[in-house]
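The next block holds one structure in the form of structure tokens; read it before the comments.
The values are calculated or read from the model by the stated rules, or taken from the named source; none is laboratory data. Just so you know, these numbers come straight off a predicted model, no measurement behind them. Here the Cβ positions follow ideal geometry from the backbone for every residue, glycine too, while neighbour counts run over all protein chains shown. Note: accessible area is taken over every heavy atom of the protein model, side chains too, but ligands, DNA and RNA are not part of it. Shrake-Rupley method; radii C 1.70, N 1.55, O 1.52, S 1.80 Å.
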Amino acid sequence: MDKKLIFSGIQPTGTFTLGNYIGAVRNWGPLQDEYNCIYCVVDLHAITVKQEPAKLRKNTLDAYALLMACGIDTEKSILFIQSHVKTHAELNWILGCSTQFGELSRMTQFKDKSKRHADDVNSGLFTYPVLMAADILAYNADLVPVGVDQKQHLELARNIAQRFNQRYGELFTVPEPYIAEIGAKVMSLQEPTKKMSKSDENPNACILILDDKDTIIRKFKRAVTDSEAEVCYREGKDGINNLMTIYSSVTGKSFDEITSEFAGKGYGDFKLAVGETVADHLAPIRNEFDRLIQDKAYLKKCYTEGAEKAQRYSQRIVSKAFHKVGFVDKA
Ligand code: AQP
């Protein structure tokens, strides 16, 4: 039987956080042996909030190299930059005409981001999930590994695919989410009821995967917890629950094992252990990133080849969509 197809993307809106890593990117590498994988840096999505052009260009290259440093192998997977492949924007338009205003208005990410960026509630921010549907459907992906925060967008992509298929005849695969059991939502270290985000203005709120060891330990030491002193996973202990989730997903230990390990010890010991473990886990990624980012020619070769493969792959599906909606075929 043919291998199933995986698609996922990440925005180059800053260095990846530990949330991006644990909730999504870390799982992408191991999937390459079992599935055909297509991954991309979604720079078109990034400009739905204001970006400084030079910084966006740098962040995009960094994100590409970081994905490689996290284990994406360009010999096994297609890895490319979204704006290099024109089918995404083309299919975005077609799918936008099969998406209702009301559906988009219900998206919680739009509500959150339009509050956070109240001076720039642009139409790209509103139609972001349509472009995300186009990213996925242009490849007829079966599975989409994402963090829990993207589940609602994926539901919408499924609805859009079904609606198009009903209206114009079968074309799109209806994709399934692929969500990690532990760490699907890593929370802010400063406000543990809020998800950890690259664009958080408080640098202590998130661990960046390129932070050095001292910085990582310092941020964990400052993490907001509670006034008890018991390391256990319980409702209401949001800060500790988050640290336990992080520790568990990096060490593979269960919550019970973690509770036993820190029985009789204070939060200080626990935070230090989490910090050291995370820093040691991320060190090889930082080293590999430092090596890759020096070699711009190699990166260029990889992303150029990746875009060519992605264009060829998606063009077949998007041309069929053009035909189905009634556009005259190009000679
Ligand atoms: N805190 C998180 N916990 C688990 N998974 C997360 N993801 C994001 N934050 C967490 C997952 O990371 C993947 C890539 O996300 P993205 O960059 O495309 O967009 P995002 O979800 O908007 O991520 P950020 O970090 O919050 O970016 P900004 O601040 O720019 O909006 C997705 O699979 C996402 O689920």
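Just a few scattered comments:
- Complete set of residues in the range 1-24 that are β-branched (Val, Ile, Thr) and within 7 Å of the ligand (Cβ to nearest atom): ILE10, THR13, THR17, ILE22
- Scanning the range 74-92 turns up no residue that is in a helix (DSSP H, G or I), small (Gly, Ala, Ser) and either open to solvent by less than 20 Å² (accessible area, probe 1.4 Å) or in contact with a Phe, Trp or Tyr (Cβ under 8 Å, 6 or more places away or on another chain) (or both).
- Within the range 186-204, the only residue that satisfies the criterion of being touching a Phe, Trp or Tyr at 6+ places or on another chain (Cβ under 9 Å) and open to solvent by 30 Å² or more (accessible area, probe 1.4 Å) is LYS198.
- Within the range 30-58, the residues that satisfy the criterion of being within 14 Å of the ligand (Cβ to nearest atom), part of a helix (DSSP H, G or I) and over 21 Å from ASN140 (Cβ atoms) are ASP43, ALA46, LYS55, LEU56.
- Among the candidates PRO175, PRO203, the residue that is more than 12 Å from the ligand (Cβ to nearest atom) and at pLDDT below 95 is uniquely PRO203.
- Scan of the range 265-293 for residues that are open to solvent by 20 Å² or more (accessible area, probe 1.4 Å), within 21 Å of the chain's Cα centre (by Cα) and closer than 16 Å to THR245 by Cα, ordered by number: HIS281
- Residue satisfying all of: in the range 139-156; more than 13 Å from the ligand (Cβ to nearest atom) and of a type outside the set (Asp, Glu); nearest to PHE110 (Cα to Cα) among these: LEU156
- Every pair of residues 6+ apart whose Cβ atoms lie under 8 Å, when the first sits in the range 301-330 and is open to solvent by 80 Å² or more (accessible area, probe 1.4 Å) while the second is of a type in the set (Phe, Trp, Tyr): ASP329/PHE322
- Unmet criterion (only one of (1) crowded, with 18+ Cβ neighbours inside 10 Å; (2) touching a residue at least 60 places away in the same chain (Cβ under 8 Å); (3) more than 8 Å from the ligand (Cβ to nearest atom); (4) not aromatic (Phe, Trp, Tyr)) for GLY183: (3)
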